[in-house]
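Below is one structure; the comments refer to it alone.
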């Protein structure tokens, strides 16, 4: 199945005027430029990361070292994109059953957009250092973000992330996907009831 950017575009679910530095859980997805499979290969439902995929995994794991007010949840490295959940933590209470951020780390509060920008910058820089290709573009501009409403929604998103490799044949970022994943329909429904839906830009193969 040939990838159609308009047909397969996922839409970002955003609250108008919402402050994305507020405590809460956020589902994010960043995609490789032009949907190239730069992070590894999936065989029989198992993802085998290449060195750049490993760099991306390490960069994700190290994000709390740079942004002391976040905690990381589920995450997956796919051939051409990475989905994950980030908690922005209340620096006083911790929020959502999480431990509060130590005072010495609770400095500047960064919005999700700044955190993802840092993630893409750090990982691309390390990749280009390994390949000796300075300033080469790696990630698509922009990314997808969605405010996770409650524990039920978070568990649904976790399930999607964990089974992403085994479900690659139906993944919307697979340029040759066959069939549809009901997760996308479910996610689109989350845009109802006060949430605004907008295109999130360039997360998908061949989208410029």
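The numbers here are math on the coordinates, done by the rules we state, and not lab data. The shown structure was predicted, so the numbers you read here are calculated from the model rather than taken from an experiment. Virtual Cβ from ideal backbone geometry, glycine too; neighbours counted across all protein chains shown.
If neighbour count is taken as other Cβ atoms inside 10 Å, put 41, 120 in order from fewest to most.
Placing the least packed residue first, the sequence is 41, 120.
Report the extension gain between residue 50 and residue 133 in nm, rounded to one decimal, defined as 0.36 nm multiplied by the number of residues separating them, less their alpha carbon distance.
Full-extension gain reported as 28.2 nm.
Taking 0.36 nm per intervening residue step and subtracting the Cα-Cα distance, what contour gain separates residue 166 from residue 65 on full extension?
Difference between extended and current length: 33.3 nm.
Please report the spacing between the Cα centers of the range 156-192 and the range 22-58 in Å, no decimals.
If we compute the Cα centre of each part, the gap is 15 Å.
Using the count of nearby Cβ atoms within 10 Å as a rough guide to exposure, how do 75, 87 rank from fewest to most?
Lowest count first: 75, 87.
Report the gain in length on full extension from residue 155 to residue 43: 0.36 nm times residue separation, minus Cα-Cα distance, nm rounded to one decimal.
My answer for the length gained is 37.7 nm.
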